[in-house]
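Data first, discussion second: the structure below is written as structure tokens.
The values are calculated or read from the model by the stated rules, or taken from the named source; none is laboratory data. Just so you know, these numbers come straight off a predicted model, no measurement behind them. Positions of Cβ are backbone-derived with ideal geometry, glycine not excepted, and every protein chain shown enters the neighbour counts.
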Amino acid sequence: MSILDKDSNPLADEEALERHIRLALEVPNPGGLELEFSYQVVKRLFNPMILGADNVPDRPCLFVGNHSLFALDGWVLGPLLQKELGRFIRGLGDKFLFASENVGDYVLKRGVVMGHPEVCSALMKAGCDLMVFPGGAHEAVKPASEMYELQWKERYGFVKLAAKHGYTIMPFGMVGPDEFYGHLLEGQDLPDSRLGQLLQRLGLLTEDTRSDVLPPIPVGALGTLIPKPQRCYIGFGEPIDLSAEKGKRLGKQRLQTIRSGVAEQIEIQLAELLFAREQHKGKDSLLRRILTL
């Protein structure tokens, strides 16, 4: 039987949401051949380097980081953190991922859950590690000119949830996945392009389509849609322990202070990771350098 009932939607009603939470809590830690295969693919393709692993505390955390192009960061982070840090991270996904039974079934079995406050609260009560990218879709489709820039707007939900449950926020930065693809055309320029005009005639773009959430037209290795084997760097900053805030309703100023501290830690990590990448330039194989041009 599918992990999601046929035609179910986690937001359809309270019963559907409760079912999603129950199934999310029943997902076992990954292991076996599938995890090993995913890990080996990530290691061989992207040769990731983890910095600051000693900063990750031995207690459940809310991992908060910068989002990468097309949200491919989770594909790299999941098996890597499970194998090398022993952490089964439950990524918080958009509700659209669970509108389809097949897609929802697939991602839920692999630990992804809907980013809904009740879902997050249930997992925090169970002591799960969670991961969120506050930039959401905006960071996942950002133009090349805004690479490695946080785009969080006025989002405080992750801070409120962490404080409510006395969780530790674990800021991290990631460099690499933003460059798995080049940008043939930026999403914001798509509506005024010839391709955009064609899509409008086909009804795939309308006047109501927001250009700020349109993805770029990608180009991968050797002009294909295969991701470039860009080496990945992951850095963990200083954890922010909110145990003293447990159960409190924080004012806006306190929320802003905590959020700013998390963002600062991520930006520090990004700067250090970009520097580390410069230091390792030229050490990659000739094949990797050719495929990442």
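Can you tell me which residue in the range 271-293 is surrounded by the fewest Cβ atoms within 10 Å (Cβ to Cβ), limited to those that are closer than 23 Å to His183 by Cβ and aliphatic (A, V, I, L, M)?
Filtering the range 271-293 down to residues closer than 23 Å to His183 by Cβ leaves 271, 273-274, 277-278, 281, 284, 288-293.
Retained after the next criterion (residues that are aliphatic (A, V, I, L, M)): 271, 273-274, 290-291, 293.
Numbers: Ala271: 14, Leu273: 23, Leu274: 13, Ile290: 12, Leu291: 18, Leu293: 8.
Looking at residues that are closer than 23 Å to His183 by Cβ and aliphatic (A, V, I, L, M), I get Leu293.
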Could you list all residues from the range 274-293 that are in a helix (DSSP H, G or I) and polar (S, T, N, Q)?
Gln279
Of all residues in the range 162-181, how many are more than 18 Å from Gly74 (Cβ to Cβ), crowded, with 24+ Cβ neighbours inside 10 Å and small (Gly, Ala, Ser)?
1
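Taking strands (runs of 3 or more DSSP E) that fall entirely within the range 5-117, which contain at least 3 residues that are within 25 Å of Leu270 (Cβ to Cβ) and aliphatic (A, V, I, L, M)? Walk me through it before giving the result.
On the way: elements: 49-51, 61-65, 89-93.
Passing ranges, in order: 49-51.
Those residues that are among the small types (Gly, Ala, Ser) and under 23 Å from Tyr167 (Cβ atoms), I need them from the range 72-121; list them, please.
Initial filter on the range 72-121 (among the small types (Gly, Ala, Ser)): 74, 78, 86, 91, 93, 99-100, 104, 111, 115, 121.
Of everything in the range 72-121, those that are among the small types (Gly, Ala, Ser) and under 23 Å from Tyr167 (Cβ atoms) turn out to be Gly74, Gly78, Gly86, Gly91, Gly93, Gly111, Gly115, Ser121.
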Quick one: Val213 ticks every box in (1) in the same structural domain as Asp241 (by TED's automatic domain parsing); (2) within 30 Å of Gln253 (Cα to Cα) bar one, so which box is it?
(1)
Meets criteria (assigned by TED's automatic domain parsing to the domain that holds Asn55, part of a helix (DSSP H, G or I) and out of contact with any Phe, Trp or Tyr (no Cβ under 8 Å at 6 or more places or on another chain)) for Glu264
yes
Output for the range 77-120, where each listed residue is within 24 Å of Phe46 (Cβ to Cβ), out of contact with any helix residue (DSSP H, G or I) (no Cβ under 8 Å at 6 or more places or on another chain) and charged (D, E, K, R)
Lys109
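Go through Ile217, Ile258 for me and flag whichever is out of contact with any Cys (no Cβ under 9 Å at 6 or more places or on another chain), of a type in the set (Val, Ile, Thr) and surrounded by fewer than 19 Cβ atoms within 10 Å (Cβ to Cβ). Spell out the reasoning first.
Working: Ile258 fails: surrounded by fewer than 19 Cβ atoms within 10 Å (Cβ to Cβ).
Criteria check complete, one pass: Ile217.
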Spot the failing condition for Tyr233; the list is (1) surrounded by 15 or more Cβ atoms within 10 Å (Cβ to Cβ); (2) farther than 30 Å from Phe63 by Cβ; (3) among the hydroxyl-bearing types (Ser, Thr, Tyr), and only one is missed.
(2)
Restricting to the range 57-73, name every residue that is crowded, with 21+ Cβ neighbours inside 10 Å and out of contact with any Ser or Thr (no Cβ under 6 Å at 6 or more places or on another chain).
Leu62, Phe63, Val64, Gly65, Asn66, His67, Ser68, Leu69, Asp73
